[in-house]
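This report concerns only the one structure given below.
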Amino acid sequence: MTPLMLRQLWAVVESAQAQILLNLDDSSLAQWLLRQLKAQQSLDSDETNMLNAYIHTKMPLIRDLAEERLVPHS
């Protein structure tokens with residue numbers, strides 16, 4: 001997994017609507033994120049598997065970031 005792939009993944013997370021990130025179950029969210037990345041670049045099966053595993057390990061962080069966007073800051 002390259003640094004570029006990681007940057008693109010986190011750019012997708014940051015640009016995605018918070019509701020999408022929060023409303024999908026873990027498996028569906030991982031697949032949604034992978035589809036977004038595949039639309040930007042071609043991924044072979046090894047890259048897809050590595051990204052899928054990485055996404056699953058970062059799922060709590062992804063959801064925390066999405067929740068943070070929904071909370072109004074004073």
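Values in this text are rule-based calculations from the coordinates and carry no lab data. Just so it is clear, the structure is predicted and the values come from calculations on it, not from any experiment. In this analysis, Cβ positions are derived from the backbone assuming ideal geometry, glycine residues included, and neighbour counts consider all displayed protein chains.
Listed values, structure above:
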read-out	value
Segment 42-63, residues that are of a type in the set (Ser, Thr, Tyr) and in contact (Cβ under 8 Å) with a residue 40 or more places away in the chain	TYR54
Subset of segment 64-74 (residues that are without any contact (Cβ under 8 Å) to a residue 12 or more places away in the chain and within 12 Å of VAL13 (Cα to Cα))	ASP64
Only listed residue being without any contact (Cβ under 8 Å) to a residue 60 or more places away in the chain, among the aliphatic types (A, V, I, L, M) and exposed (fewer than 11 other Cβ atoms within 10 Å of the Cβ), chosen from ALA39, ALA11, ALA18	ALA39
